[in-house]
Amino acid sequence: MKTFFILSALALVGSCSQTKYSTKIENLEASITVQSQETVAKYANTITSGALKNNLYHFASKEFRGRQVGTEGQKKAAQFLIDFYKEEGFLPAGKDSTFTQIIPKDFLPEKFNASENVVAYIKGSDYPDETLIISGHFDHLGVENAELFFGADDNGSGTVAIMEIAQAFKTAERNGIRPKRSILFLHLTAEEIGLQGSLFYTNNPLFSLDKTIANLNIDMIGRVDDRHKNNPDYLYLIGADRISKELHIISDKVNQSSTKLELDYRYNAEDDPNHYYSRSDHYNFARHDIPVIFYFNGEHPDYHKPTDTADKINYPLLEKRSKLIFSTAWYLANMEGKLIRNVDI
């Protein structure tokens, strides 16, 4: 009888605790309101499929030779990004007022030469020391056995999305609307060889990790996987609730008020056999307790093949997905207070 009584008491306590936690989540959800929708939509609409297409056809062309880490093709790709940020008038985030964060050869696996992350930012108006990071890797597999791996979706799609998102924020800034927090546009190298670019950044941050409010990481958002071939208006989101359920709620509400994509969370399951949560650059930020979202379209038959080419990208869908990420970033950069961690709920 004692054993039964103790178990029953524990069950009752657990039930009450769960109820209280659920109530807190409900209250948190009720407190989040997406505002300034017309302003956000105005600048989101500067992101166009035409611009995305023009940039991606260049970025995933033969000129950059598959952008393998430390090669001439990767250096050309980095310079393409640097030229873009210079021309648009962004602030350089690297040391000595440069747009690069150099990663020395001895940090990388033995066969790879030194490389660089490309770093540009907009300074926040109210909380300049707090930073939102929008990231995506720009390296790919290069040339293997005389075959060129173009990497249009992986991750040319994420790269050009960041460029368009950055340009939308810059257009707003030119019109007198700066984000309250700083935004770092972080193009990472060496993802394909083990998330080395993001590891180097988090080991040597250009902005304080303690004051980095979130990382929105974009890695493959230009295609449709087989699961969604009859319903392409979707996007996989991974990690949004792992550290901050508030981030998940914000992301969902922004989507409801803007693009209305189907947000698919199947790969966010902790027992997901694909382990996508630990397979892209957001993971190195999550390891530092920084809330993250990984945006992903899923794998497709051209994944990591020479046939991942720019002509196979769904550009209207890439535009829509980019607008969602921009709108989410706008909310985060301008929200009152910092994201609530799950441990504090």
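Checked against (1) in contact with a Ser or Thr (Cβ under 6 Å, 6 or more places away or on another chain); (2) touching a residue at least 60 places away in the same chain (Cβ under 8 Å), PHE149 passes all but a single condition, namely (1). Looking across the range 16-47, the residues that are in a helix (DSSP H, G or I), touching a residue at least 24 places away in the same chain (Cβ under 8 Å) and closer than 30 Å to ILE313 by Cα come down to GLN37, THR39, VAL40, ALA41, TYR43, ALA44. Screening the range 48-73 for residues that are in contact (Cβ under 8 Å) with a residue 24 or more places away in the chain, over 25 Å from LYS320 (Cα atoms) and in contact with a helix residue (DSSP H, G or I) (Cβ under 7 Å, 6 or more places away or on another chain) and picking the one that is most open to solvent (accessible area, probe 1.4 Å) gives ARG65. Looking across the range 305-327, the residues that are more than 20 Å from the chain's Cα centre (by Cα), in a loop (DSSP other than H, G, I, E, B) and of a type outside the set (Ser, Thr, Tyr) come down to LYS305, PRO306, ASP308.
Report yes if some residue within the range 173-189 is open to solvent by less than 10 Å² (accessible area, probe 1.4 Å) and more than 20 Å from PRO92 (Cβ to Cβ); otherwise report no. The answer is no, given that none of the residues of the range 173-189 is open to solvent by less than 10 Å² (accessible area, probe 1.4 Å) and more than 20 Å from PRO92 (Cβ to Cβ).
Summed over the range 101-123, residues that are over 19 Å from the mean Cα position of the chain (by Cα) and of a type outside the set (D, E, K, R) total 10. Screening the range 207-237 for residues that are in contact (Cβ under 8 Å) with a residue 24 or more places away in the chain and of a type in the set (S, T, N, Q) and picking the one that is surrounded by the most Cβ atoms within 10 Å (Cβ to Cβ) gives ASN217. The residues of the range 96-151 that are on the phi > 0 side of the Ramachandran plot and among the aliphatic types (A, V, I, L, M) amount to a single one, ALA146. When the range 189-204 is filtered for residues that are over 15 Å from PHE112 (Cβ atoms) and touching a strand residue (DSSP E or B) at 6+ places or on another chain (Cβ under 8 Å), the ones remaining, listed by number, are SER198, TYR201, ASN204.
Would you check if ASN297 is among the polar types (S, T, N, Q), touching a residue at least 60 places away in the same chain (Cβ under 8 Å) and in contact with a helix residue (DSSP H, G or I) (Cβ under 8 Å, 6 or more places away or on another chain)? In short, yes.
Checked against (1) open to solvent by 40 Å² or more (accessible area, probe 1.4 Å); (2) over 22 Å from PHE185 (Cα atoms), ARG279 passes all but condition (2). The set of residues in the range 196-206 being under 16 Å from ILE133 (Cα atoms) and either crowded, with 24+ Cβ neighbours inside 10 Å or in contact (Cβ under 8 Å) with a residue 60 or more places away in the chain (or both) consists of GLY197, SER198, LEU199, PHE200, TYR201, THR202, ASN204, LEU206.
Filtered by the rule that a residue be open to solvent by 10 Å² or more (accessible area, probe 1.4 Å) and in a helix (DSSP H, G or I), the range 328-339 gives TRP330, TYR331, ASN334. In the set ILE290, ILE249, only one residue is open to solvent by less than 10 Å² (accessible area, probe 1.4 Å) and among the β-branched types (Val, Ile, Thr); that residue is ILE290.
The values are calculated or read from the model by the stated rules, or taken from the named source; none is laboratory data. It should be emphasised that the depicted structure is a prediction, and the values quoted were computed from it without experimental measurement. Here Cβ is always computed from backbone atoms with ideal geometry, including for glycine, and neighbour counts include all displayed protein chains. The protein model used for the area step is the full one, side chains on, heavy atoms only, and it has no ligands, DNA or RNA in it. Shrake-Rupley method; radii C 1.70, N 1.55, O 1.52, S 1.80 Å.
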